[in-house]
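Right, one structure below, let's go through it.
Please treat every number below as a calculation from the coordinates, not as lab data. This is a predicted model, so every value here is computed, not measured. All Cβ positions, even for glycine, are placed from backbone atoms using ideal geometry, and neighbour counts span all protein chains on display.
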Amino acid sequence: MKSLHNVPAPAKLNLFLHINGQRADGYHLLQSVFMLLDWWDVLHFDLREDGQIQRVDLTVPLPENDLCMQAAHALKEASGTPLGALIQVDKRLPAQAGLGGGSSDAATCLLALNRLWKLNWPLSRLHPLAVKLGADVPFFLRGRNAWAQGIGEDLQPVDLPSAHFAVLKPDVGLDTGLIFRDAALKRDTSPATISDFVAQPFAFGRNDLQAVAQRLCPQVSQALAWLEYQGLQPRMTGSGSAVFALVGTDVVLPKPPPGWQLRMCSNLEIHPLAGWVFSDNLQETC
């Protein structure tokens with residue numbers, strides 16, 4: 001195997017996001033449901049025999065040491081492989097949107113390079129690398145819609161009904177760190193249970209980050225208002241700035257303001273790379 005082309009890295013939505021507390025090390029304790037979407041970046045991988053890892057940005061320029069590169073170097077170092085890779089990234093998901101694009105790219109890198117380099121590591125060996133890369137990476141690696149707890153690494157698969165969503169991204173992004181460091185962030189939401197969520201999966205709870213995001217970025221409020229004007233019930237995903245709303249299959253929305261991205265999406269039952277890694281003690285496959 002010398003190449004893996006057209007490898008998807010899908011987006012996610014946080015159907016709700018509650019902050020239940022904060023650990024002594026600064027990490028926040030949360031509850032959320034992560035849901036996969038049929039909107040993704042596309043990555044291409046070519047084997048390099050010289051051991052070098054190189055990234056080529058096919059669309060928008062990315063940070064030099066983005067999560068994708070961090071994932072590639074982490075797997076190379078942990079495995080001791082002498083091989084390298086040329087990674088080409090067709091970036092289609094907006095950055096600083098709360099859609100998990102960078103984390104998804106990192107998980108796809110782990111899955112693809114595990115195959116390209118013929119490491120054949122099971123999920124239990126890749127998972128610790130994913131946890132170190134970021135709280136959202138284990139979700140994309142494990143590849144199932146999930147109830148998330150802890151700092152986002154404690155995942156339990158959930159089944160969701162098929163549904164369609166309007167996802168709206170203003171032409172500005174939001175720095176996740178700014179929101180989590182904000183003194184006004186609500187950090188004491190009472191813990192919920194999966195049974196609470198299942199009773200109303202697309203209407204349960206709220207996003208505790210949304211109020212701070214709206215204060216820091218007025219366009220979040222404008223995006224919410226734009227979807228509300230269409231008769232929808234929107235909320236923000238992740239730390240924003242993208243917002244979303246449940247829609248019917250036949251809904252047609254007008255063009256958003258110039259520079260904004262509007263995407264009509266469906267949820268996914270399972271990650272497109274299902275079966276690319278063997279699951280042992282984590283009781284799942286991706």
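The table that follows gives values for the structure above.
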| item | result |
| --- | --- |
| For the chain: rounded, prolate or oblate by the Cα gyration tensor [a/c cutoff 1.5] | prolate |
| Prolate/oblate/rounded call for the stretch 93-155, Cα gyration tensor, a/c under 1.5 rounded | oblate |
| The stretch 99-172 - charge dipole about Cα centre, Lys and Arg +1 at Cβ, Asp and Glu -1, debye rounded to 20 | 360 |
| Of ASP208, ASP90, ASP182, the one that fluctuates the most in a GNM where the chain has Cα springs shorter than 10 Å | ASP182 |
| Most positive-pole-ward Cα, ILE19, HIS271, GLN233, against dipole of the chain from beta carbon charges | GLN233 |
| Nearest-20 debye value, the stretch 3-157 charge dipole, Cβ charges on Lys, Arg, Asp, Glu | 360 |
| Likely footprinting exposure, MET264, MET236, fewest C-beta neighbours within 10 Å first | MET264, MET236 |
| Compactness of the stretch 14-58, expressed as Rg and Dmax over alpha-carbon positions, Å | 18.6, 48 |
| Exceeding the 28 Å Cα-Cα cut-off - candidates LYS91/LYS118; LYS132/LYS255; LYS12/LYS132 | LYS132/LYS255 |
| Residue-wise HN-Hα coupling along the stretch 40-45, computed from phi with Karplus coefficients 6.51, -1.76, 1.60 (Hz; x: Gly, Pro) | 8, 6, 10, 10, 10, 10 |
| Angle in degrees between helix 101-116 and the longest Cα principal axis of the chain, rounded to the nearest 10 | 20 |
| Residue-averaged [θ]222 nm for the chain, counting only DSSP H segments that reach four residues, each worth -39500 (n - 2.57) | -7500 deg cm²/dmol |
| Cα shape, the stretch 164-266, gyration tensor, a/c 1.5 rule | oblate |
| Dipole magnitude of the chain about its Cα centre (Cβ charges: Lys, Arg +1; Asp, Glu -1), debye to nearest 20 | 100 |
| Residue (of ALA71, PHE140, GLN88) at the positive-pole extreme of the stretch 3-157, dipole from beta-carbon charges | PHE140 |
| Dipole axis of the chain (+1 Lys, Arg; -1 Asp, Glu on Cβ), positive-most option in ALA112, PHE197, VAL243 | VAL243 |
| Residue among GLY259, GLY21, GLY134 with the largest mean-square fluctuation in a Gaussian network model of the chain, springs linking Cα atoms under 10 Å | GLY259 |
| Among PHE16, PHE139, PHE197, residue whose mean-square fluctuation peaks in a GNM of the chain (springs only between Cα atoms under 10 Å) | PHE197 |
| Helix axis angle, 123-133 relative to the chain longest principal axis, alpha carbon, degrees | 60 |
| Compactness of the stretch 3-157 as Cα Rg over 2.2 N^0.38 Å, two decimals | 1.03 |
| Residues ILE151, ILE87, sorted so that the one with the fewest Cβ neighbours within 10 Å comes first | ILE151, ILE87 |
| Burial ordering of SER190, SER3, SER32, fewest other beta-carbon atoms within 10 Å first | SER190, SER3, SER32 |
